[in-house]
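A.B. asks: Starting off with a structure, shown below.
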Amino acid sequence: MSDALTIHPVGPFDATLRPPGSKSLTNRALLLAALAEGESRLTNVLVADDTQVMIRALRDLGFRLHLDEAAREVQILGCNGTIPGKRSELFLGNAGTAVRFLTAACCLGEGVYILDGVSRMRERPIRQLVEPLRSLGAEIDYLGEEGYPPLRIRGTGGLAGGKLNMGPTLSSQFISALLQIGPGCRDGLTLRFDQPIISQPYVTMTRTLMTRFGVKTRVNRQPLSYRVAGDSGYHSVDYAIEPDASNASYFLAAAAIIPGSRCTIDGLSGRSLQGDVAFADVLQEMGATVRYEKHSITVQAPDQLHGIDVDLNHMPDMAQTLAIVALFANGPTAIRNVGNLRVKETDRLAALHNELTKFGARVKITDDDLHITMPHPGHLHPARIETYDDHRMAMSFAVAGLRHEGVTILDPACVNKTFPQFWAFLDRLRDAATPLRKHAES
């Protein structure tokens, strides 16, 4: 793929799409299958950079795993809560899910494990996971700057477990990482929280998937705590991965901003395990028509969208998509409580400020909130979009190009992190556009 890709507007379209499997579910299922007893079969797995990182790491740790890329299936022989390898050096790129989940999982092993990644990974804090693991008896050293990868883990054959009082965390993945190793702790694991959890739906996803693999989490609501029994053990399963709701958001957003358009996502519903399906509700609040069916979600454009004030703490990965929708809405939009965007693949708050202003939008960051006011209708500027090696910057800003002429995406190949087929899916919207508009474009 070239270093830059110019996106051309499309006319009204009516499309039905089924994106590839969820990255979040794929990487959780891969780890739980590895920790289970027996052989699991995972279908509709996402085959992308982030999941390939997890697959390679599990192989490097000694797990027997077969990936059929064409069929998008993985067969993996679990090792009943242990890590087969005694010494492994894992290069995890910029895959935050992999480094966090495997940091916890390697503590169940007996050996020495090195976890490292690209330069950006070495800037992503991990102390809020390391310190709780140390409290459980893990031996973890920082090999570079204190509080950041790379890490050296000296596994001693498992963890005693116990009770942890958890403060606020920058990522729900720290909580998921701890919960997933709970069954491997001899005394089980209890997590207690004194404040609300960031990205709560992802923790719910983890707990639900753990149940699917045979381990239940006991919950107390006031104050919030989770209890996982020790030595309970995961069981092997056959499990089909849902389409990725985060990646589906780009096509739903496109349907919302292009008058006369409609998009149906097949394989998702309001009962999805993925919290990001609620992005459709945000579009509805802005004026779009949303219909939930048993196995699908449909969004249809209104005559005009309007800005909103919304807290996205529960689904921060949708902030970039919403920011693009805000460019085509009447009135300002405020996206609140998304401070953890600063420690994602890039500082997404800074990146959004830089790139949205290229269109002529007024953008302000106040603490953990992002405020966007669009220019007068029809006064958006052309823009060459820096993507900062961040897949979601590329995919979200590409949506703007479907409505507005002159949008060029730099480093379009960065979408390979989670959605290698993204540009082909975007072309399917063009194929579904009305013949009249197609003729006008030719």
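A.B. asks: I'm told THR169 meets every condition in (1) more than 18 Å from ALA36 (Cα to Cα); (2) modelled with pLDDT of 95 or more; (3) not hydrophobic (A, V, I, L, M, F, W, C) except one. Can you identify the failing condition by its number?
C.D. replies: Unmet condition: (2).
A.B. asks: Oh, and also: Mind checking which residues of segment 400-432 are under 19 Å from ASP317 (Cβ atoms) and part of a strand (DSSP E or B)?
C.D. replies: ILE409
A.B. asks: Now for a separate question. Of GLY214, GLY230, which residue is touching a His at 6+ places or on another chain (Cβ under 9 Å) and in a loop (DSSP other than H, G, I, E, B)?
C.D. replies: GLY214
A.B. asks: While we're here: Under 6 Å by Cβ, and 6 or more places apart or on different chains, what pairs join a residue from segment 85-97 that is without any contact (Cβ under 8 Å) to a residue 40 or more places away in the chain with one that is open to solvent by 20 Å² or more (accessible area, probe 1.4 Å)?
C.D. replies: Correct list of pairs: GLY85/GLY62; ARG87/VAL112; SER88/ASP60; GLU89/ILE114; LEU90/ASP60; PHE91/ASP116.
A.B. asks: Only one of these conditions is not met by VAL338: (1) more than 18 Å from VAL10 (Cβ to Cβ); (2) β-branched (Val, Ile, Thr); (3) out of contact with any Pro (no Cβ under 7 Å at 6 or more places or on another chain); (4) at pLDDT 95 or above. Which number is it?
C.D. replies: (3)
A.B. asks: Which residue is most open to solvent (accessible area, probe 1.4 Å), if the candidates are limited to segment 70-101 and must be farther than 19 Å from SER22 by Cβ and basic (Lys, Arg)?
C.D. replies: The extreme case among them is ARG87.
A.B. asks: Can you tell me which condition GLY331 does not meet? The list is (1) surrounded by 18 or more Cβ atoms within 10 Å (Cβ to Cβ); (2) within 14 Å of THR373 (Cα to Cα), and all the others hold.
C.D. replies: Result: GLY331 passes all but (1).
A.B. asks: Regarding segment 314-328, can at least one residue be identified that is more than 24 Å from the chain's Cα centre (by Cα) and not polar (S, T, N, Q)?
C.D. replies: Yes, some residue in segment 314-328 is more than 24 Å from the chain's Cα centre (by Cα) and not polar (S, T, N, Q).
A.B. asks: Take SER296 and tell me if it is surrounded by fewer than 16 Cβ atoms within 10 Å (Cβ to Cβ) and at negative phi.
C.D. replies: Judged against the criteria, SER296 is a match.
The values are calculated or read from the model by the stated rules, or taken from the named source; none is laboratory data. Every value quoted in this text rests on a predicted model; they were computed, and no experiment measured them. When we count neighbours, we look across all protein chains shown, and the Cβ atoms used for this are built from the backbone with ideal geometry, even at glycine. To get the accessible areas, we keep the full protein, side chains included, count just its heavy atoms, and leave off ligands, DNA and RNA. Shrake-Rupley method; radii C 1.70, N 1.55, O 1.52, S 1.80 Å.
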